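Everything on this sheet refers to the single structure shown next.
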Amino acid sequence: MSRVFSGIQPSGELHIGNYLGAVKNWAAIQHRHPSFFCVVDYHAITVAYDPAQLRQRTRDLALTLFAAGLDPAVCHVFVQSTVPEHTELQWIFNTVTPLGELERQTQFKDKAQRQEQVMAGLLNYPVLQAADILLYRADVVPVGEDQVQHLELSRVIARNWNARFGEYFPEPQPLLTPTRRIVGLDGQAKMSKSMQNTIGLLDDAETTWARLRPAVTDPQRVRKTDPGRPEVCNVFALHGAFSDAATQADVATRCRTAAWGCMDCKKVLHEAMERELVPIRTRAQALRDEPQRLDDALADGTRYARAAARETIAHVKDAMGLAPAG
Ligand code: SF4
C-alpha cells in the first residue's frame, strides 16, 4: 500500500487555512494509507528565529495536530529533529543534486530576496524536503499547489540516486488537497499569519466571530437589497468548507435574491464553524491538561519513524559503499 509523508513547519499558531488546506485532509488519509506526519523544525531554522519560541511552537503544533484529528493509534506523528536520519540522508542527497536545480526553485528566489544574508540552508531546503519524504520511501505526498515544484525535485533526486546505486526510492507523486487555496478574510491574499487575515484553529467562539464579522464579501453588494455573487465571495467559499450541501444551496439562493444580508450569512457560517471547531478545541484542552499523553504520542511516532528511517539508511549506505552504523 502507498506510504504517505507530509510535513508542516512550526511557524506559528495553526489557522483554519492550514486546517482546511492540509491537516483535515491528513486526518482522512491516515485511515487509507500508512502515514507519517512530521513537524519539520529543521526547516524552521533556515531564517532568523528565536530558539525558545521554536521549542514552544513545535510542541503547540504537535498538540494541535492531534487535536485536529491525527490519531496516534493510526498514523505516526513526530518531530523531525528527533529522527537524525533526516539530515544524514540530506547530506547523501546533496551529492546527487545538481546545483542548478536548487537555484531554479522559485521559493528560494522569493525567500532569498527578503534576507540580508542568504544561508546555504535556505538553498538546500528542498534537498532536506526530499530526504524527509524518501527516508520513509513515501510514494504519495499531500501538498498544496505551491509545493509541487519541490516535489518534482524530490523525483529528480530519487531518479539520480537510483540511476547511480540501483532502483530503491519511489518517485513520490503529489496528492493535491481537495480544498486547494484558502483565501484570507481580506478576500485578497492566501490565508496567512503574516497577512493577519486568519482565524486561529483554536480560537474561542467570541474571537472567531470577531474575526469573521468584518470579513470582506462581494464588493458589489453595497446595500442589503443588492443581489450578491456567491461565486466571488470568500465567505461563501468558507461555507463550502464548513456548511453542508443544503445550507450552501440555501445561502447561494438567499445571496443572489438579496433575501438576507451578509451579516446573517456570516452568522450561519459561524454556527457551522463552531460545530466543527468545538470538538477540536476540547481535544486540545484535554491534551494541555495531560501533557504526558502528548509526550507519549510523540515518542511512539518517533520510535516507529526511526525504525523505518534506519532501515532506509542501512540500505543506502550499503549500496554506496559507506561504513554501516557502529
Ligand atoms: Fe457573501 Fe453571503 Fe454576503 Fe452573499 S450574502 S455576498 S455569500 S457574505
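The values are calculated or read from the model by the stated rules, or taken from the named source; none is laboratory data. Worth saying up front: this structure is predicted, and the values here are computed from it rather than measured. A quick note on method: Cβ atoms are made from the backbone with ideal geometry, for glycine too, and the neighbour counts reach across all protein chains shown. Only protein heavy atoms, including side chains, enter the accessible area calculation; ligands, DNA and RNA are left aside. Shrake-Rupley method; radii C 1.70, N 1.55, O 1.52, S 1.80 Å.
Among all residues of the stretch 219-226, there is at least one that is within 16 Å of the ligand (Cβ to nearest atom) and either of a type in the set (Ser, Thr, Tyr) or not in a loop (DSSP other than H, G, I, E, B) (or both).
With 258, 272 as the choices, which residue is of a type in the set (A, V, I, L, M), more than 24 Å from residue 61 (Cβ to Cβ), touching a residue at least 24 places away in the same chain (Cβ under 8 Å) and not in a helix (DSSP H, G or I)? That would be 258, the only listed residue that is of a type in the set (A, V, I, L, M), more than 24 Å from residue 61 (Cβ to Cβ), touching a residue at least 24 places away in the same chain (Cβ under 8 Å) and not in a helix (DSSP H, G or I).
Condition check ((1) at pLDDT below 95; (2) over 19 Å from residue 311 (Cα atoms); (3) part of a helix (DSSP H, G or I); (4) open to solvent by 50 Å² or more (accessible area, probe 1.4 Å)) across all residues:
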{"site": "142", "(1), (2), (3), (4)": "yes, yes, no, no"}
{"site": "156", "(1), (2), (3), (4)": "no, yes, yes, no"}
{"site": "163", "(1), (2), (3), (4)": "no, yes, yes, yes"}
{"site": "175", "(1), (2), (3), (4)": "yes, yes, no, yes"}
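Here residue 152 fits the description: more than 30 Å from residue 278 (Cα to Cα) and free of Cβ contacts under 8 Å to residues at least 12 places away in the same chain.
Against the conditions (1) open to solvent by 40 Å² or more (accessible area, probe 1.4 Å); (2) over 25 Å from residue 19 (Cα atoms), residue 308 satisfies every one except (1). Under the condition of being more than 20 Å from residue 17 (Cβ to Cβ), in a helix (DSSP H, G or I) and of a type in the set (Asp, Glu), the residues counted in the stretch 37-77 number 1.
Got at least one residue in the stretch 215-230 being surrounded by fewer than 17 Cβ atoms within 10 Å (Cβ to Cβ), within 24 Å of residue 24 (Cβ to Cβ) and within 28 Å of the chain's Cα centre (by Cα)? Yes, the stretch 215-230 contains at least one residue that is surrounded by fewer than 17 Cβ atoms within 10 Å (Cβ to Cβ), within 24 Å of residue 24 (Cβ to Cβ) and within 28 Å of the chain's Cα centre (by Cα).
Just a yes or no: is a residue in the stretch 198-213 within 12 Å of the ligand (Cβ to nearest atom) and either open to solvent by less than 40 Å² (accessible area, probe 1.4 Å) or farther than 30 Å from residue 147 by Cα (or both)? Yes, some residue in the stretch 198-213 is within 12 Å of the ligand (Cβ to nearest atom) and either open to solvent by less than 40 Å² (accessible area, probe 1.4 Å) or farther than 30 Å from residue 147 by Cα (or both).
Of the residues making up the stretch 27-43, those that are buried (at least 19 other Cβ atoms within 10 Å of the Cβ) and either in contact with a helix residue (DSSP H, G or I) (Cβ under 8 Å, 6 or more places away or on another chain) or farther than 15 Å from residue 7 by Cα (or both) are 35, 36, 37, 38, 39, 40, 41, 42, 43. Go through the residues of the stretch 15-30 one by one and say whether even a single one is under 25 Å from residue 134 (Cβ atoms), in a loop (DSSP other than H, G, I, E, B) and at pLDDT 95 or above. The answer is yes; a qualifying residue exists.
Kindly evaluate residue 253 against the criterion of being open to solvent by 30 Å² or more (accessible area, probe 1.4 Å) and out of contact with any Lys or Arg (no Cβ under 9 Å at 6 or more places or on another chain). Taking the combined requirement at face value, the residue satisfies it.
The condition of being touching a residue at least 12 places away in the same chain (Cβ under 8 Å) and surrounded by fewer than 18 Cβ atoms within 10 Å (Cβ to Cβ) holds for only one of 121, 100, 21, 17, that being 121.
Looking at this structure, is residue 177 under 26 Å from residue 66 (Cβ atoms), out of contact with any Asp or Glu (no Cβ under 7 Å at 6 or more places or on another chain) and of a type outside the set (A, V, I, L, M, F, W, C)? The answer is yes for residue 177. Quick check: anything in the stretch 115-127 at pLDDT 95 or above and not in a helix (DSSP H, G or I)? Among the residues of the stretch 115-127, not one is at pLDDT 95 or above and not in a helix (DSSP H, G or I), which makes the answer no. Considered as a group, the residues in the stretch 297-310 that are closer than 18 Å to residue 69 by Cβ and not small (Gly, Ala, Ser) include one that is farthest from the chain's Cα centre (by Cα), and that residue is 300.
Every condition in (1) open to solvent by less than 40 Å² (accessible area, probe 1.4 Å); (2) in contact (Cβ under 8 Å) with a residue 24 or more places away in the chain; (3) near the ligand (Cβ under 9 Å from one of its atoms) holds for residue 263 except the one numbered (1). Looking at residue 300, is it within 30 Å of residue 62 (Cβ to Cβ), loosely packed, with under 14 Cβ neighbours inside 10 Å and either touching a strand residue (DSSP E or B) at 6+ places or on another chain (Cβ under 7 Å) or of a type in the set (Asp, Glu) (or both)? So residue 300 fails the test. Residue 237 passes every criterion in (1) near the ligand (Cβ under 7 Å from one of its atoms); (2) surrounded by fewer than 19 Cβ atoms within 10 Å (Cβ to Cβ); (3) part of a helix (DSSP H, G or I) apart from (1).
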